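Contents: one structure, followed by commentary.
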Amino acid sequence: RIGTAALAVQVVGSNWPKPHYTLLVTGLCRFQILQLLKEKPYPVAEVEQLDRLEQFTNQHKSEEELGELSEQFYKYAVQLVEMLDMSVPAVAKLRRLLDNLPREALPDILTSIIRTSNQEKLQILDAVRLEERFKMTIPLLVRQIEGLKLLQKTRKPKQDDDKRVVAIRPNRRINHIPSTTEDEEEEEDHDDVVMLEKKIRTSSMSEQALKVCLKEIKRLKKMPQSMPEYALTRNYLELMVELPWNKSTKDRLEIRAARILLDNDHYAMEKLKKRVLEYLAVRQLKNNLKGPILCFVGPPGVGKTSVGRSIAKTLGREFHRIALGGVCDQSDIRGHRRTYVGSMPGRIINGLKTVGVNNPVFLLDEVDKLGKSLQGDPAAALLEVLDPEQNHSFTDHYLNVAFDLSQVLFIATANTTATIPPALLDRMEIIQVPGYTQEEKIEIAHRHLIPKQLEQHGLTPQQIQIPQVTTLDIITRYTREAGVRSLDRKLGAICRAVAVKVAEGQHKETKPDRAEVGEGEDCKEHVTEDAKPESISDTADLALPPEMPILIDFHALKDILGPPMYETEVSERLSQPGVAIGLAWTPLGGEIMFVEASRMDGEGQLTLTGQLGDVMKESAHLAISWLRSNAKRYQLTNASGSFDLLDNTDIHLHFPAGAVTKDGPSAGVTIVTCLASLFSGRLVCSDVAMTGEITLRGLVLPVGGIKDKVLAAHRAGLKRIIIPRRNEKDLEEIAMNVRQDLTFVMASCLDEVLNAAFDGGFAVKPRVERLNSKL
Ligand code: ADP
């Protein structure tokens with residue numbers, strides 16, 4: 001109930017790497033708690049002061065009474081201090097203090113200096129009466145003196161330890177974290193530093209690093225622990241020791257085995273696998289890493305990360321993924337300087353520490369999503385990391401010494417190359433990983449995804465059966481993606497639902513009245529028939545017909561995943577004139593896009609909605625100009641029958657998914673078709689999609705991303721695709737089965753596009769009606 005009132009003079013410390021605070025307080029007086037007023041959020045109590053500072057100066061009476069005791073105490077104190085090394089400034093100061101301070105203050109001060117347990121210190125604090133305090137402290141002093149004498153006898157020449165008592169003690173005074181084992185801790189810390197030094201000397205770090213470390217450890221030894229820098233320096237040294245300066249795994253590379261492993265792990269993606277094997281073969285022949293850095297570019301969920309992991313597996317190397325999405329500070333790559341509070345090494349060095357070897361495979365995920373900010377450009381920092389000419393001496397700001405990254409195998413992934421800074425792009429070899437066709441997805445699902453999901457959910461093929469038609473249903477009606485990630489998720493949802501049934505079924509089987517029921521197929525009917533009359537009372541049993549294996553058919557699918565999210569039927573949307581289907585490329589794969597147009601009375605204005613970029617707006621203007629100039633030829637009229645299409649007419653063009661910014665020239669032909677449909681009042685064929693850039697004179701120019709666009713059209717169940725003639729070569733990349741399902745119309749001018757887009761063609765009117773001139 002007795003405490004010490006104190007004034008907090010200073011708080012120092014940091015939260016990183018571990019919270020570590022030092023409180024500097026000046027003790028004022030002892031007090032006693034009379035009544036506790038409240039405990040939360042911090043205790044508030046009514047207290048009574050027990051000893052007063054002024055007492056020391058004007059209490060002559062007590063001084064006389066205590067004269068003998070205090071004199072005795074003073075002598076012991078002087079004896080103790082003089083046994084210490086007077087050349088240490090702190091000791092000399094203490095000696096002076098003994099003479100200058102009032103005697104009454106000495107017990108408190110000396111108790112904090114000598115080696116005692118916390119328990120004893122608390123006892124001294126609890127001793128309110130001066131006399132009692134003197135009496136309690138004297139034995140402690142005597143004990144310390146005896147201890148020192150013994151020590152001096154045994155280790156005459158070595159006075160370090162005595163010095164330490166004093167040199168460390170005064171610092172300890174301010175380090176008032178209650179702990180009964182403080183002394184032991186201190187010794188341990190000292191031992192730790194010695195251990196650390198040993199580790200540094202035996203580690204295989206570079207000469208330069210060793211020099212820096214030894215310098216730091218020298219500093220550390222002199223530093224009081226309470227300094228925030230102590231923890232920082234120590235962490236730094238620990239990191240330096242932990243880094244794999246010279247530790248590497250042995251590469252085991254055998255191309256034949258690598259091919260088998262890649263084939264086993266991944267279905268399809270032949271082009272990618274071929275290139276990876278070439279890369280590995282070169283590595284095998286020429287034991288040197290100075291090759292290009294591979295960068296896999298493709299929509300999400302097509303297996304880029306997982307191929308990276310397979311490469312590490314084939315090489316027998318450690319794998320570490322560094323997610324770069326959203327990183328906008330170069331310190332993330334290169335670390336903070338150690339002068340910052342909370343400074344840390346960058347992700348590269350951290351990754352090396354995690355894997356513990358200096359030749360891992362680092363997967364730099366999402367390099368296209370690097371940001372830029374005031375804190376510098378992380379892409380620029382990556383340049384140094386990825387450049388084989390420079391990265392043998394990569395200097396992290398935190399380490400401040402070079403680390404050799406030349407053994408690390410870097411692989412990057414991205415969704416698009418458009419946002420990768422050119423300098424970075426230049427360092428890498430781009431390998432496109434396009435999306436999958438439906439057939440490929442079915443194979444991937446049955447070879448890889450379903451077995452993996454079954455294993456994760458503790459199911460066996462005897463318990464659940466997913467036929468291929470169901471997988472196709474999931475792919476076409478529940479997902480719309482280039483990769484297989486949401487397919488994987490849907491399969492996961494199915495497995496979860498089945499797991500519940502199976503678990504409930506097991507519960508039922510373990511019941512005694514069911515024990516005799518066999519597991520054989522032929523017993524099943526008999527079970528369900530028999531079960532009914534018996535289990536009327538047991539409703540839970542009635543609700544469960546877990547007939548193994550549980551077959552996932554269309555109805556089960558609807559039960560588990562809900563009604564289908566996508567319908568392949570697109571013709572409904574094309575039931576009015578003024579709608580056409582375009583094909584767009586996005587970083588997430590190809591997509592189909594319904595372009596809509598409508599007209600109304602107005603003054604010839606064109607409104608465009610759907611967040612379009614400048615290029616797309618220009619395409620719209622081009623399309624309208626071309627149609628206006630060819631209106632007569634195609635018999636296109638505005639609402640009042642005039643060939644001047646914009647006369648008293650406003651046009652509104654809309655591109656859906658308004659939240660996504662769209663740009664690029666490839667919507668040109670779609671806009672023309674859509675407007676031609678609007679002005680002619682005819683419907684565009686419901687099974688045709690198109691892509692292509694247009695010119696003012698009506699030519700159709702080639703565009704990019706044909707493969708993704710064709711796959712998207714195929715996914716959506718369209719039958720015909722109009723593409724620019726000069727893109728014909730791109731079709732070779734497309735799988736045969738997809739090509740067989742689709743009809744391709746090659747167009748080199750807009751006449752051909754319109755002819756293909758409308759049922760029965762879009763006839764050109766013979767130019768006989770010249771008389772119909774407005775003049
Ligand atoms: P990404 O990095 O391209 O976004 P991931 O590598 O994370 O995609 O792949 C998502 C999931 O799909 C992984 O579980 C992966 O195993 C699986 N996957 C993707 N493509 C294939 C494939 N061709 N064969 C087998 N599994 C695949």
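The values are calculated or read from the model by the stated rules, or taken from the named source; none is laboratory data. Just so it is clear, the structure is predicted and the values come from calculations on it, not from any experiment. Note that each Cβ is placed from the backbone with ideal geometry, even for glycine, and that neighbours are counted across all protein chains shown. These accessible areas exclude ligands, DNA and RNA; they are computed on the full protein's heavy atoms, side chains included. Shrake-Rupley method; radii C 1.70, N 1.55, O 1.52, S 1.80 Å.
Summary table
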item: Dimensionless Rg ratio for region 1-51, taking C-alpha atoms and the 2.2 N^0.38 Å reference; result: 1.46
item: Per-pair calculated FRET efficiency, R0 = 30 Å: Ser248 and Ser14 via Cβ, rounded to 0.05; result: 0.30
item: Other-chain or far-sequence residues with amide H under 5 Å of Ala412's (modelled H); result: Leu294, Cys295, Phe296, Leu364
item: In sequence order, calculated HN-Hα J values of region 602-607 (Karplus, 6.51, -1.76, 1.60; Hz; x Gly/Pro); result: x, 10, x, 9, 10, 10
item: Backbone N within region 429-457 under 14 Å of label point (7 Å from Leu472 Cα along the Cβ vector); result: 438-443
item: Mean projected area in nm² (Cα convex hull; one quarter of hull surface) for region 581-657; result: 5.5
item: Relative contact order [Cα under 8 Å, 6+ residues apart], region 1-51, whole percent; result: 33
item: Two-site FRET efficiency, Met548 against Asp426, from Cβ-Cβ distance with R₀ of 45 Å, rounded to 0.05; result: 0.20
item: Accessible surface of region 255-432, 1.4 Å probe, proportion on carbon and sulfur as whole %; result: 51
item: Spin-label pair Asp650/Lys353, simplified geometry with 7 Å Cα→Cβ offset, distance in nm; result: 6.3
item: Estimated dipole of region 218-321 in Debye, rounded to 20 [Cβ of Lys and Arg +1, of Asp and Glu -1, Cα centre]; result: 320
item: For region 255-432, the Rg and Dmax computed from alpha carbons only, in angstrom; result: 16.1, 51
item: Charged-residue dipole, Cβ positions (Lys, Arg, Asp, Glu), region 67-151 about Cα centre, Debye nearest 20; result: 200
item: Coil-residue trypsin sites (Lys or Arg not before Pro) of region 1-47, DSSP, other Cβ within 10 Å capped at 13; result: Arg1
item: Distance in nm between pseudo-label sites at Asp601 and Leu151 (7 Å out along the Cβ direction from Cα); result: 10.6
item: Options Leu374, Leu424, Pro299, ranked by Cα towards positive dipole end of region 255-432, top entry (Cβ charges); result: Pro299
item: Spin-label model distance (nm) - Arg143 vs Gln284, 7 Å beyond Cα toward Cβ; result: 7.3
item: Size of charge dipole - region 570-757 - debye, nearest 20, with Cβ of Lys, Arg +1 and Asp, Glu -1, no other charges; result: 380
